[in-house]
1. Does Ala577 satisfy being surrounded by 14 or more Cβ atoms within 10 Å (Cβ to Cβ), without any contact (Cβ under 8 Å) to a residue 60 or more places away in the chain, more than 60 Å from the chain's Cα centre (by Cα) and under 27 Å from Leu523 (Cβ atoms)?
2. Of these, Thr429, Thr419, Thr446, Thr399, which one is among the β-branched types (Val, Ile, Thr), at pLDDT 90 or above and farther than 16 Å from Glu493 by Cα?
3. Do you know which residues across the range 598-628 are without any contact (Cβ under 8 Å) to a residue 12 or more places away in the chain and within 14 Å of Leu642 (Cβ to Cβ)?
4. Farther than 30 Å from Arg585 by Cα, part of a strand (DSSP E or B) and in contact with a helix residue (DSSP H, G or I) (Cβ under 9 Å, 6 or more places away or on another chain): is that true of Leu477 in this structure?
5. Report, ordered by the first and then the second residue, all pairs with beta carbons closer than 7 Å, sequence separation of six or more or different chains, a first member in the range 344-360 that is within 19 Å of Leu408 (Cβ to Cβ), and a second member that is not in a helix (DSSP H, G or I).
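The values are calculated or read from the model by the stated rules, or taken from the named source; none is laboratory data. The structure displayed is predicted, hence computed values, not measured ones. As a convention, Cβ positions derive from the backbone with ideal geometry for all residues, glycine included, and neighbour counts pool all protein chains shown.
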Amino acid sequence: MGFRLRLALFFVATLVTVQLLTAGLVYEVTRHALISEGERQLTANARAFEAQMDDISARVAGNVEVLSLDYALRSAIAERDRGTVLSVLRNHGRRVGASRMLLIGLDGRVQADTAGATPPLTRFPFPDLMRSAYMRRTAAVVATDGKAAWVVVVPIYAPQPVAMVVVYVPLDDALLAHLQHLSALPRDLELAAQLTPGHWSVVARGDRHAGMLASLVAAHQPLPRKPRLTVVDGQQYMVLAQPLQQPASSRPVMAVLGYSLDSALQPFRAVGIAWGSLLALGFGVGLLGAWLTARSVARPIESLALAARRIEAGDYGAPPGMPRHDEIGQLAATFASMTAAIRQREQHIRHQAMHDSVTGLPNRAAAELAIDQWLAAAGSAGGAVLMIGLTRVPDIIKTMGHALCDRLMLDASERIRRTAVEAYLARITDMQFMLWLPQADEPAATAVAIHLLDALNLPYQDTDVTIDGLPSIGIALAPADGSDAATLLRHAEVAQFAASGSSAALSIYDAATDPHRPERLSLMGDLREALEGSKLSLHYQPKLDLGQRRIEGVEALVRWQHPRLGWVPPDSFIGMAEDTGNIHRVTRWALATALAQAKRWRARGLPLQVAVNLSARDLEDRELPARIGALLAIYALPPDCLTLEVTERAVISERDTAIQILRRVAEQGIGIAIDDFGVGQATFAYLRHLPVSELKIDQMFIKHLATDRNDQIIVRSLVDLSHRLGYRVTAEGVESQGALDYLAAIGCDCAQGYFIAPALDVDGFAAFLTARGGTVGVRTPP
Ligand code: C2E
Ligand code: CA
Ligand code: CA
């Protein structure tokens with residue numbers, strides 16, 4: 001049920017209820033007033049009727065008294081001339097309106113009857129009237145033969161009483177009507193005579209035949225001596241029975257007076273009808289008014305509801321204005337200001353959702369949206385995504401806090417903006433910006449990237465600290481490296497990650513080396529299976545001691561025979577194992593396997609040094625030192641038979657934890673070698689803080705050592721400096737006699753490479769040793 005209808009119904013229901021209650025009240029009050037009025041009138045009428053009857057009695061008696069003086073009558077009585085008596089009586093009877101006249105002897109016997117109805121000498125039935133007639137005028141109402149009449153008894157004196165004349169004046173309908181006509185008697189009037197005690201019959205009635213007695217009898221009610229409410233012919237009446245003056249010898253006669261409430265209410269009926277019409281009119285007008293009022297209330301509310309629905313759907317257009325000053329007007333005004341507030345807040349939230357709060361630049365979501373839109377609009381025009389990372393940001397946050405880092409990023413964003421004014425710039429993560437160069441190809445993108453690196457490489461000065469953010473940039477090109485923003489960003493990120501590890505600090509995405517290719521994920525599952533199902537094995541590459549000219553140790557290198565892919569090179573799954581957190585298991589496996597093998601060699605009299613590679617992630621594993629200690633204990637091996645190889649990058653990026661872990665390892669007497677030395681960013685000065693015992697010069701410097709003067713100078717300096725600092729030096733990737741000779745000549749401690757031997761399985765390694773004389777102390781080839 002709508003608001004409108006409810007309001008209208010409420011109005012009208014209230015109106016009708018109040019009206020009906022009022023009507024009921026008025027009716028009841030009126031009815032009560034009429035009943036009281038009826039009682040009063042009935043009582044008064046009854047008295048008036050009684051008085052009237054007495055009056056008439058007196059008048060009739062007076063008339064009849066004249067008869068007693070009539071000479072003719074007296075002489076006729078004396079002469080017992082019945083004929084004359086009857087004729088005189090008749091004459092008189094006509095005059096007074098009598099229906100019957102009797103002459104009664106003093107003995108009470110009827111001597112003459114004008115009606116001729118009484119046999120002569122019958123006794124007059126009302127002797128008490130005769131007795132009282134001597135004393136006063138006597139008249140009374142009697143009931144005879146189902147009729148009522150006045151009986152007047154007058155004695156005849158001559159001069160002694162000789163007889164009595166009785167006059168019957170009929171008390172009939174005509175008389176009652178006459179009386180009603182003369183005076184203010186009620187129109188409902190009946191005379192009732194008692195037949196037997198409790199049984200009454202009507203002997204005369206007034207001009208209206210309401211049948212009051214019949215109704216009372218039918219309702220088994222006694223005749224009421226006080227005004228009583230009763231129903232006569234379906235109408236409400238006040239009824240009162242008034243006894244009349246009577247001789248004791250007569251049956252009782254009562255005057256029954258009625259007062260019709262309905263008739264009395266008649267004048268009010270017109271008022272009622274007028275009131276009903278007014279009510280109907282009021283009802284109609286009220287309904288209309290309520291409807292209109294409800295509409296004027298509901299309309300604006302409905303329009304506000306509509307506006308609310310529009311807001312729900314995201315349309316914040318101004319709600320309909322309402323030029324009203326009532327509560328609804330206030331509501332509408334509040335609603336409008338609320339809408340404006342919501343609109344503002346949503347704009348703010350939307351801005352926040354799409355922007356970085358520090359630099360105010362668009363964020364990743366906004367960038368993806370913008371690039372996708374551009375790609376969709378520009379078709380195949382392409383472009384370049386530059387992912388610009390400040391590699392040291394996590395370190396800076398940890399040591400200097402977020403506030404400084406925010407300033408650094410803000411400064412960096414301004415530098416980028418200045419360098420690439422036209423490009424679309426966004427901040428992607430805490431440490432990365434993204435630059436979208438529409439329509440740029442690889443050379444153009446590279447040129448911008450180099451400029452950016454120049455700009456970002458200038459250290460950031462913050463009050464008294466100078467910070468080097470260590471920028472690196474990865475480039476992904478559309479559409480070659482992806483046709484949607486998400487892919488382009490991901491690939492640019494991969495490239496940036498690669499760049500952060502290279503000396504150029506710049507890298508262009510290469511799908512072939514992407515460690516995040518989807519197929520690599522399934523490879524990870526396979527790797528876990530391989531670890532459990534011993535599909536991995538270790539190969540051992542000999543390390544030649546150049547001074548002693550004998551094999552003094554081996555480097556353990558992992559090999560994976562994949563059931564489907566065949567041999568999988570470690571370079572293609574080690575990085576992935578690092579990314580997916582599986583590297584710890586590989587390392588543990590490699591350590592256990594290598595040490596078990598060392599134990600077996602030792603048992604055969606071969607005290608070989610074993611070098612095992614660690615990855616950067618291993619240097620986050622605080623349990624590693626204890627684990628290695630436990631393994632050495634299990635195999636009862638001296639700690640100096642084990643060397644751990646770590647790259648420069650591993651110790652530089654995770655400095656604190658890594659250094660702690662390395663220290664704890666070194667404290668146990670285990671050797672630490674820096675792998676691939678010379679290609680990364682580690683300096684000798686930096687290495688001084690680390691518990692390093694050996695440096696392994698990267699293959700890059702060794703490969704062409706036999707011929708390349710520059711490499712010779714570098715390697716010789718490295719060896720020199722290392723020795724001065726107390727490190728042993730191993731040269732990796734020795735592929736020629738010339739290189740080997742040169743290394744021996746400059747006093748390099750150890751050599752490793754295909755020229756000596758590739759990595760060999762256990763049997764191959766045994767065969768290698770046998771071929772060289774079966775002992776560790778075998779001499780190198782000439
Ligand atoms: P790396 O530690 O630098 O290992 C030396 C790599 O150079 C080995 O490749 C080896 O076979 C190869 N090599 C040895 N002599 C020569 C030579 O004269 N010329 C040339 N061109 N190459 C030579 P490999 O076995 O493919 O291993 C690649 C990389 O995989 C390793 O580089 C190492 O970083 C990683 N790796 C291998 N095994 C493990 C392991 O068990 N754990 C960890 N964390 N990394 C491992
Ligand atoms: Ca190595
Ligand atoms: Ca190496």
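1. Criteria not met by Ala577.
2. Thr419
3. Within the range 598-628, just Trp601 meets the criteria.
4. yes
5. Close Cβ pairs (under 7 Å, with a partner that is not in a helix (DSSP H, G or I)) amount to His355/Leu361; His355/Pro362; His355/Asn363; Asp356/Asn363; Asp356/Arg427; Thr359/Arg427.
For every residue, the table says whether it meets (1) surrounded by 13 or more Cβ atoms within 10 Å (Cβ to Cβ); (2) assigned to a helix (DSSP H, G or I); (3) of a type in the set (Gly, Ala, Ser); (4) in contact with a helix residue (DSSP H, G or I) (Cβ under 7 Å, 6 or more places away or on another chain).
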position: Ala294; (1), (2), (3), (4): yes, yes, yes, yes
position: Leu304; (1), (2), (3), (4): yes, yes, no, yes
position: Arg309; (1), (2), (3), (4): no, yes, no, no
position: Thr334; (1), (2), (3), (4): no, yes, no, no
position: Met338; (1), (2), (3), (4): yes, yes, no, no
position: Arg343; (1), (2), (3), (4): yes, yes, no, no
position: Gln352; (1), (2), (3), (4): no, yes, no, no
position: Thr359; (1), (2), (3), (4): yes, no, no, yes
position: Ala370; (1), (2), (3), (4): yes, yes, yes, no
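This table checks each residue for (1) of a type in the set (S, T, N, Q); (2) over 20 Å from Val253 (Cβ atoms); (3) without any contact (Cβ under 8 Å) to a residue 24 or more places away in the chain.
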position: Arg131; (1), (2), (3): no, yes, yes
position: Val141; (1), (2), (3): no, no, no
position: Ala163; (1), (2), (3): no, yes, no
position: Tyr168; (1), (2), (3): no, no, no
position: Leu175; (1), (2), (3): no, no, no
position: His178; (1), (2), (3): no, no, yes
position: Ala193; (1), (2), (3): no, no, no
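Results for (1) near ligand 1 (Cβ under 10 Å from one of its atoms); (2) modelled with pLDDT under 95; (3) surrounded by 13 or more Cβ atoms within 10 Å (Cβ to Cβ), shown as yes or no for each residue.
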| position | (1), (2), (3) |
| --- | --- |
| Thr707 | no, yes, no |
| Gln712 | no, no, yes |
| Val715 | no, no, yes |
| Leu721 | no, yes, yes |
| Gly738 | no, yes, yes |
| Leu743 | no, no, yes |
| Ala751 | yes, no, yes |
| Ala759 | yes, no, yes |
